[in-house]
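Here, each number is a calculation from the coordinates, and none is a lab measurement. Nothing here was measured: the structure is a model prediction, and the numbers come from that model. Using ideal geometry, Cβ is built from the backbone for each residue, glycine included, and neighbour counts are taken over all protein chains shown.
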Amino acid sequence: MIDRSALERIENIGGGVLLGKMIDILLTNAPQRLAAARVGETQGDLKAIERAVHSLKSSAGNLGAMQMMEMAARIEELAENEEAEAIPPLLDELEKIWEQVKELLEKERKGLES
């Protein structure tokens, strides 16, 4: 679910402090971005969905959450192509993936504090 080599690269660049900050950013921002995507879905605002998942895609990729990154990219592409009907089940899947990623990142974050 998380590519450890991505976390190690960040840690090699800026130590545990940088890795901790990047994890904290995703842990804080992902729920907001997912909520924004859902609001976009309910309002039929594909641009809002596109913006929300684009941000998730980048952050997830940086931290090695490749499945999350790929799902966000897929939703972003559907929003760009105005394929609104295909988005809701993928948002459901993205939220499930996020719950798994969140659990792993929280464990990683606690390990940095030790």
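Numerical summary
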{"read-out": "Filter on K57/K110; K57/K102; K57/K96 - keep pairs with C-alpha separation over 22 Å", "value": "K57/K110"}
{"read-out": "Burial ordering of V17, V39, V53, V101, fewest other beta-carbon atoms within 10 Å first", "value": "V17, V39, V101, V53"}
{"read-out": "Rounded to 10°, Cα long-axis angle of helix 66-80 versus longest principal axis of the chain", "value": "30"}
